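Heads up, the thing below is written out as structure tokens.
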Amino acid sequence: MRQSGILMHISSLPGPDGIGSLGKEAFAFADFLHESGMGIWQVLPMGPTGYGESPYQSTSVYAGNPLLISLEKLEEDGLADFSGELRYLPANDEQIDYEAVRGGKMRLLRRAFEQSEERLRPAIEQFVTENDWVEDFALFTALKKHFDGRMWSQWPDAGAKRRKLRALADYEGKLDEEVRFHVWCQYVFSVQWQALKDYCNSLGILLFGDMPIYVAEDSADTWTHPEVFQLDRVGVPRRVAGVPPDYFSEDGQLWGNPLYRWTYLRLRGYDWWVKRMAHMHKMYDIVRVDHFIGFANYYSVPHGAPNAREGKWVIGPGKALFRTLKKKIPGMDIVAEDLGVVNDRVRRLIAYTGYPGMKTLTFAFGGGDDNIHLPDNIPENTAYYTGTHDNQTARAWAENASEEEMARAMKIVGFDNREDAAWALIACVMKSRARIAVAPMQDVLNLGAFATMNHPGIVGGNWLWRMKPGAATPEIAARLRKLNEEADRRNA
């Protein structure tokens, strides 16, 4: 089955809260996708954002980002009354002001919690019973606030840091209201997310999620299960993740995420991973596994190294992990993000799993005719993108491409002006043999560099873009629908 979709993170939706949410604008975007003939809505990781507001550095692999809760929907559902409240939320703009949003929105969420928690208590208790991670996450978040935002490995109370039962019980009592607030946020997020997923599915639209391979060093996951990671006795990573020097970065990329103890996990039947993936399977219809090559072989850098030059490649869990996942979670639909250093071990693992890999059209026009991203070279079992969240928008790429690269693109794709590049690339991806074709919404709107979602290796200024209200017009939907029909991808 040939499918097509749009990459559009929830935070990028328009709306009144200073950041996109799971409210009516999300449902309107689902309608736009349906009118466009699209069958997939791809989002970025949905967890609470961490360092630099990156969704790839979340404080939990399970939790949802409370900033994405719709305040408007809380009022519509009778769970809050904000009348007379000063919102202090920034006006809708093309960029998110995270500091202003966090300050204003969390205050209003606390108000809604005070108004509705008692009424919701039976449902929340059921939610906690079904999600055994949520109380640990809520306590972790409350403790971080109590200890002035310090990383858990630097908390002054050794009992809290090392999860001593007496200390945890004391803090659960002392921070009871704060813990209950964060549990409430996760319940409300889950309800609003499920409502959106049900609506999308009713339109024949699949929600395509994104799962980072690694977790943040300062997360509820490392605090709750330090034995799963390569940490020392005080919770500091021994070695961390990254990628080696390459054409794009002479020092490589030092991500800093703690690495897994794969031998320990294998002896436990990969139980931590089975639980994590089962949660992803419940939350999404399709899951993109970020940095899939790390399961075949991963790059390990000593903690404290100034850059990624001192790292080394280490063999990953390989087929054994995915043999277990296929047995424990049958029918899970996965896309393997295999952009990067792909060797024979990576190729063999992807072939074994049968998962589609990824290719990116804007990578296709350098090198020779053997470039793996060229339309003629991609296999059918591929998710083909104009670009991802880590790339320039198609328009920005066209504006900055060399004359040689642009001439090659024009010849292969078939267009005459740089201004026409974005839609020409979308049409090329859609008409390719790839089973899945995806374009970021920024490319659909033909936006320039200001709309680039992430600049890898640069801290700050990322994850900010928002779509203007009314930008997803019926005319654009009709144009996409025609492309879907021509490419035999239309979602009925």
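Throughout, read-outs are computed from the coordinates displayed, never taken from laboratory work. For clarity, every value in this text was computed on a predicted model and none was experimentally measured. Cβ atoms come from the backbone with ideal geometry, glycine included; neighbour counts cover every protein chain shown.
Going through the cross-link list Lys359/Lys482; Lys275/Lys326; Lys24/Lys105; Lys197/Lys328; Lys275/Lys327; Lys275/Lys319, which pairs have a Cα-Cα distance over 21 Å in this structure?
The pairs that break the limit, which is 21 Å between Cα atoms, are Lys359/Lys482; Lys197/Lys328.
Fewest Cβ neighbours within 10 Å first, please rank Phe137, Phe322, Phe82 accordingly.
With the sparsest Cβ surroundings first, the list reads Phe82, Phe322, Phe137.
Roughly how many whole Å is it from the C-alpha centroid of region 465-492 to that of region 400-441?
Measuring centre to centre over Cα atoms gives 17 Å.
Which residues does the label zone of Glu227 cover in region 271-303, counting backbone N under 16 Å from a point 7 Å along Cα→Cβ?
Under cut-off, by backbone N: 271-275.
Set the Förster distance to 51 Å, then compute FRET efficiency between Leu168 and Arg479 from the Cβ-Cβ distance, nearest 0.05.
With a Förster radius of 51 Å, E is 0.35.
With each label point set 7 Å from Cα along the Cα-Cβ vector, what nm distance links His279 and Arg433?
Taking the simple label geometry, His279 and Arg433 are separated by 4.0 nm.
How much length, in nm to one decimal, is gained on full extension between Asp416 and Asp390, taken as 0.36 nm per residue of separation minus their Cα-Cα distance?
Between Asp416 and Asp390, full extension yields an extra 6.7 nm.
Using Cα-only point scatterers and the Debye equation, what is log10 of I(q)/I(0) for region 301-341 at each q in 0.18, 0.22, 0.23, 0.26 Å⁻¹, rounded to two decimals?
Once normalised to I(0) and log-transformed, intensities are -0.75, -0.86, -0.89, -0.97.
In percent, what relative contact order does region 3-486 have, based on Cα pairs under 8 Å that are 6 or more apart in sequence?
18 percent
When only Cα pairs under 8 Å and 6 or more residues apart are kept, what is the percent relative contact order across region 316-363?
44 percent
For the chain, max minus min Cα coordinate along each principal axis, in Å, sorted largest first?
68, 54, 40
Nearest 20 debye, what's the magnitude of the dipole of the chain about its Cα centre given +1 on Lys and Arg Cβ and -1 on Asp and Glu Cβ?
Computed charge dipole of the chain: roughly 1760 debye.
As a test, work out the antiparallel percent of DSSP beta bridges whose residues both lie in region 207-337, rounded to the nearest 5.
65 percent
Could you please rank Cys185, Cys428, Cys200, placing first whichever residue has the fewest other Cβ atoms within 10 Å of its Cβ?
Going from sparsest to densest Cβ surroundings: Cys428, Cys200, Cys185.
If you average the alpha carbon positions of region 94-142 and of region 316-334, how far apart do those two centres end up, in angstrom?
32 Å
Take the alpha carbon atoms of region 1-77, find their center, do the same for region 224-300, and report the distance between the two centers in whole angstrom.
One Cα centre to the other: 25 Å.
Could you give the length gained by full extension between Lys468 and Ala492, i.e. 0.36 nm per residue of separation minus their alpha carbon distance, to one decimal place?
Taking 0.36 nm per residue and subtracting the Cα distance, the gain is 5.9 nm.
Calculated FRET efficiency, Glu118 and Asp31, Cβ-Cβ r, R0 30 Å, to nearest 0.05?
0.30
Straight-line reach from Lys411: which lysines have a Cα under 17 Å away, not including same-chain ones fewer than 8 places off?
Counting by Cα, and skipping residues close in sequence, Lys411 has these lysines nearby: Lys431.
Multiplying the sequence separation of Ala351 and Lys24 by 0.36 nm and subtracting their Cα-Cα distance, what value in nm do you get?
Difference between extended and current length: 113.6 nm.
For the chain, what does the helix formula give at 222 nm: sum of -39500 (n - 2.57) over DSSP H segments with n ≥ 4, over the residue count, nearest 500 deg cm²/dmol?
-12000 deg cm²/dmol, from helical runs alone.
Farthest toward the dipole's positive end in region 340-492, which of Gly414, Ala424, Val444, given Cβ charges of +1 (Lys, Arg) and -1 (Asp, Glu) about the Cα centre?
Val444
Give me Ser54, Ser11 ranked fewest to most by other Cβ atoms within 10 Å of their Cβ, as a rough exposure proxy.
In increasing order of surrounding Cβ atoms, one gets Ser54, Ser11.
Among DSSP beta bridges lying fully in the chain, give the percent that are antiparallel, nearest 5.
Percentage antiparallel, nearest 5: 35.
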